[in-house]
1. I need every pair where a residue in the range 111-130 that is within 14 Å of Ser82 (Cβ to Cβ) and of a type outside the set (Asp, Glu) has its Cβ under 9 Å from the Cβ of a residue that is assigned to a loop (DSSP other than H, G, I, E, B) and modelled with pLDDT under 95, sequence separation at least 6 or different chains.
2. Sort out which residues of the range 61-70 are crowded, with 20+ Cβ neighbours inside 10 Å and farther than 19 Å from Ile23 by Cα, and write them in order of number.
3. Restrict the check to the range 56-66 and report whether at least one residue is closer than 14 Å to Ile30 by Cα and in contact with a strand residue (DSSP E or B) (Cβ under 7 Å, 6 or more places away or on another chain).
4. So Asn28 ticks every box in (1) on the phi < 0 side of the Ramachandran plot; (2) surrounded by 13 or more Cβ atoms within 10 Å (Cβ to Cβ); (3) of a type outside the set (D, E, K, R) but one. Which box is left unticked?
5. Among the numbered criteria (1) touching a strand residue (DSSP E or B) at 6+ places or on another chain (Cβ under 8 Å); (2) surrounded by fewer than 14 Cβ atoms within 10 Å (Cβ to Cβ); (3) over 15 Å from Ile112 (Cα atoms), which single criterion is violated by Gln73?
6. Report, by residue number, each residue of the range 108-135 that is farther than 17 Å from Val29 by Cβ and among the acidic types (Asp, Glu).
7. Residues that are modelled with pLDDT of 95 or more and not small (Gly, Ala, Ser): list the helices (runs of 4 or more DSSP H) wholly contained in the range 30-146 that include at least 1 such residues.
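The values are calculated or read from the model by the stated rules, or taken from the named source; none is laboratory data. The model shown is predicted, which means the values in this text are computed figures rather than measured ones. Methodologically, a virtual Cβ is constructed for each residue, glycine included, from the backbone with ideal geometry; neighbour enumeration extends over all protein chains shown.
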Amino acid sequence: MHSNAKTVKEYLNELLADRRGAISTVRNVIIKNLPKGYIETMNWGMIAYEIPLKTFPNTYNKQPLMYAALSSQKNHIAVYLSCVYSDEKQLMKLQNAFSEMGVKPNMGESCIRFKDVNKIPLTTIGELIGAYSVKDYIENYNRCRK
């Protein structure tokens with residue numbers, strides 16, 4: 001479900017209470033662990049955590065380089081973790097965390113889909129978010145683009 005909200009506050013206010021609570025829980029984990037230099041914004045119709053163009057303008061689509069995002073979809077909530085998509089060790093860490101919880105993950109290439117925030121490994125998500133400095137993520141992005 002694409003949102004036209006201009007601010008994160010507007011986006012959260014659009015959501016039903018249960019969705020707002022779940023997104024706010026994951027958002028708090030992201031913000032707590034987000035390395036310096038990333039910004040929280042509304043982009044692509046969702047809450048996005050990005051490297052501003054003034055820091056890194058050389059993206060393939062001329063948009064800020066997205067690091068993570070949160071979105072309320074029709075049938076689920078999604079947390080997008082670009083840092084997992086491009087790093088096999090990060091992906092294994094995430095999969096192991098789900099396994100330790102006894103939960104089968106519902107994942108795409110860079111997203112985790114969920115309905116119950118208690119069925120995702122929030123601590124591990126925080127660790128994954130905190131794993132890449134802006135500099136390291138740009139280096140990884142450039143390496144993957146080649």
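1. Correct list of pairs: Leu128/Asp87.
2. Those that are crowded, with 20+ Cβ neighbours inside 10 Å and farther than 19 Å from Ile23 by Cα: Pro64, Leu65.
3. Filtering the range 56-66 for residues closer than 14 Å to Ile30 by Cα gives 66.
Next, from what is left, pick out any that are in contact with a strand residue (DSSP E or B) (Cβ under 7 Å, 6 or more places away or on another chain): 66.
Yes, there is a match, as at least one residue in the range 56-66 is closer than 14 Å to Ile30 by Cα and in contact with a strand residue (DSSP E or B) (Cβ under 7 Å, 6 or more places away or on another chain).
4. Result: Asn28 fails condition (2) only.
5. The number of the failed condition is (3).
6. Listed by number, the list holds a single entry, Glu109.
7. Numbers: elements: 82-85, 88-101, 122-129, 134-145.
Because the criterion is at least 1 residues that are modelled with pLDDT of 95 or more and not small (Gly, Ala, Ser), the helices (runs of 4 or more DSSP H) in the range 30-146 that meet it are 88-101, 122-129, 134-145.
Residue by residue, here is whether (1) surrounded by 14 or more Cβ atoms within 10 Å (Cβ to Cβ); (2) within 16 Å of the chain's Cα centre (by Cα); (3) within 20 Å of Ile47 (Cβ to Cβ) holds:
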site: Asp87; (1), (2), (3): yes, yes, no
site: Gly102; (1), (2), (3): no, no, no
site: Tyr132; (1), (2), (3): yes, yes, yes
site: Arg143; (1), (2), (3): no, no, no
